[in-house]
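The values are calculated or read from the model by the stated rules, or taken from the named source; none is laboratory data. Computed from a prediction, not measured in an experiment: that's the story for all the values here. For neighbour counting, all protein chains shown are included, and Cβ atoms are generated from backbone atoms with ideal geometry for every residue, glycine included. Just so you know, the surface numbers come from the protein's heavy atoms only, side chains and all, with ligands and any DNA or RNA stripped out. Shrake-Rupley method; radii C 1.70, N 1.55, O 1.52, S 1.80 Å.
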Amino acid sequence: MLSARFHLRFFPALLKGRFGGNAAAPKTSFVAAGFLKGVQVLFIAIAAASAGVSLHPGIAGWLMLFLAAACVVYTLVISVREARGTVPTYENFLFPLFFMCLALGLAAGAIAGLREPALVRIIYGCGGMALGYGAGLLTGLHGQRLGFFAVLLYPFALASAAGMMLTVILLLST
């Protein structure tokens, strides 16, 4: 993973194969479709219930919040247990988590150079993006150890990456 051949040949080919239209939709071997749908329905039900209860502050709102947090932790523990013993592979690479780390590094670099001239902000952004690239490779590969919980993080990872990219564009344009 630290070789030039990996970064110049293997990983770009992996990206092209995944997004170039040559491959079918990305598949992960650790997703149990029925259980995943059940968990999504549970999360939606708890979110709806806690949103309704939060309009009326009190003990009921706190209980629903605690129940939702307990369900998330339970789902994470079950997911990691099911994924125990699986070896992370690049065939199941988690690209949304990779792109989130890439955008996070770019945003961190742009924010670090916020009070600098525009050219220095761009240099800081490139440095942050390089760090995000390295972190993204590790997250995309070893995030598979989270099991199907990693797939539940996809919408959040993509939304945060889009938000960070918008932030970077606004920061670098000023």
**Report entry** Leading residue by the ranking (nearest to residue 90 (Cα to Cα)) among those in the range 139-148 that are touching a residue at least 60 places away in the same chain (Cβ under 8 Å) and open to solvent by 30 Å² or more (accessible area, probe 1.4 Å)
**Finding:** 145
Report task. Confirm whether residue 163 is touching an Asp or Glu at 6+ places or on another chain (Cβ under 9 Å), farther than 26 Å from residue 7 by Cβ and not aromatic (Phe, Trp, Tyr). Result -> no
Query raised in the report: What residue, among those in the range 128-174 that are of a type in the set (S, T, N, Q) and more than 18 Å from residue 82 (Cβ to Cβ), is farthest from the chain's Cα centre (by Cα)?
Result: 174
**Report entry** Qualifying positions in the range 149-167 - closer than 11 Å to residue 76 by Cβ and crowded, with 19+ Cβ neighbours inside 10 Å
**Finding:** 149, 150, 152
Requested in this report: Please find, within the range 75-131, the residue that is least open to solvent (accessible area, probe 1.4 Å) out of those that are under 27 Å from residue 15 (Cα atoms) and among the charged types (D, E, K, R).
Outcome: 91
Requested in this report: Go through the range 1-28 and give me each residue that's at pLDDT 70 or above and part of a loop (DSSP other than H, G, I, E, B).
Outcome: 3
